[in-house]
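Let me begin by presenting the structure, written as structure tokens, before commenting on it.
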Amino acid sequence: MLLTSVADIRVLCEQDCPVVAMLRPRSGPEQWVVGQRYELWPWVPAREYLDSYGNLCQRFVIPRGEMRLAVTSEVEVADMVSVDVHAPATAVDRLPDDALVYLLPSRYCPSDAMEDQAREIVQGCAPGYPQASRVRDWIRETLAYRYGVSDASTDALRTLEQGAGVCRDFAHVGVSLCRALRMPARFVVGYLHQLDPMDMHAWYEVFVGDRWYTFDATQEQPRGGRIVVACGRDATDVAFLSSFGALEVQDMTVRVEARERPAA
């Protein structure tokens, strides 16, 4: 599936404001970036680097006043996410080095306080993909999708207390429960084709059967058509715009459209 994603953002600063943006997807095993355009109005010098999680980060200073950022990407992605109901758990001593950090508790994912609940949820499920799948189903069955009940400080435990949240909150709960079961889990942000209403989206991935699998408790069935922009321990690591000064996002428009592949 060939997707075109557009993120168009207007921000306002009272003073010059250094920022780090994560708006540009990169090619990887599950997606290929065919083309991309990154525009800043007014134009300012910028540089790009890879963070410790492999995300593309853009670093620049937004001048006092209003700025517009627009990123358009054409990305080839899978029509369907991979599913393997028989994928076993990967023993910790066999995990890749870069997966180990995703076993640890983090700011929004206090997995060390959720092991008893996680064990209860997956009782009777085989370790590995079956447990991860049960966690996703339990979140969908238990939590209500509702705006306005969470904010930037809400962690997974708070979401469970409230019984509701949005995609970010569902993903934090999934990550926490899977880590509590000794399965590496990472928080993912990006775009989902035909998401309604359209916006940037969050889900999570779990490492079982020696690879990462996608899980999204906001959806009834596993769905493809996903563009990954960034991944990390939780939302702390993947903010689309991290500002180091006073900054107000005035407007943000997101579009994702499927395109016909050009003829050879």
Among the residues of the stretch 233-255, is there at least one that is buried (at least 20 other Cβ atoms within 10 Å of the Cβ) and in a strand (DSSP E or B)? no
Give me a count of the residues in the stretch 19-40 that are more than 19 Å from Gly245 (Cα to Cα) and more than 17 Å from the chain's Cα centre (by Cα). 8
For the stretch 35-57, give me each residue that is surrounded by 12 or more Cβ atoms within 10 Å (Cβ to Cβ) and either at pLDDT below 95 or of a type outside the set (Ser, Thr, Tyr) (or both). Gln36, Leu40, Val44, Ala46, Glu48, Asp51, Gly54, Asn55, Leu56, Cys57
Cross-chain or 6+ apart pairs with Cβ under 7 Å, the stretch 64-81 first and without any contact (Cβ under 8 Å) to a residue 60 or more places away in the chain, then polar (S, T, N, Q): Arg64/Gln15
Search result, residues across the stretch 1-32 that are part of a strand (DSSP E or B), exposed (fewer than 15 other Cβ atoms within 10 Å of the Cβ) and out of contact with any Phe, Trp or Tyr (no Cβ under 9 Å at 6 or more places or on another chain): Gly28, Trp32
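Please verify whether Gly190 is at pLDDT 95 or above and in a strand (DSSP E or B), treating the condition exactly as stated.
Numbers: at pLDDT 95 or above: yes; in a strand (DSSP E or B): yes.
Yes; evaluated as a whole, the condition is true for this residue.
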Test result for Glu205, surrounded by fewer than 24 Cβ atoms within 10 Å (Cβ to Cβ) and either over 21 Å from Glu30 (Cβ atoms) or modelled with pLDDT of 95 or more (or both): no
Given the conditions (1) of a type in the set (S, T, N, Q); (2) closer than 19 Å to Asp234 by Cα; (3) out of contact with any Pro (no Cβ under 7 Å at 6 or more places or on another chain); (4) buried (at least 16 other Cβ atoms within 10 Å of the Cβ), which single one is not true for Ser153? (4)
Taking the condition surrounded by fewer than 21 Cβ atoms within 10 Å (Cβ to Cβ) and touching a residue at least 40 places away in the same chain (Cβ under 8 Å), does Thr218 pass? no
Restricting the search to the stretch 161-194, which residues are touching a Cys at 6+ places or on another chain (Cβ under 7 Å) and surrounded by fewer than 24 Cβ atoms within 10 Å (Cβ to Cβ)? Val188
Restricting the stretch 33-81 to residues that are polar (S, T, N, Q) and part of a strand (DSSP E or B), which is nearest to Glu14 (Cα to Cα)? Gln58
Return the residues of the stretch 200-216 that are under 25 Å from Thr72 (Cα atoms) and in a strand (DSSP E or B); say none if nothing qualifies. His201, Ala202, Trp203, Tyr204, Glu205, Thr214
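The values are calculated or read from the model by the stated rules, or taken from the named source; none is laboratory data. All values derive from a computational prediction rather than experimental measurement. Cβ sites come from the backbone with ideal geometry, for glycine too, and all protein chains shown count toward neighbours.
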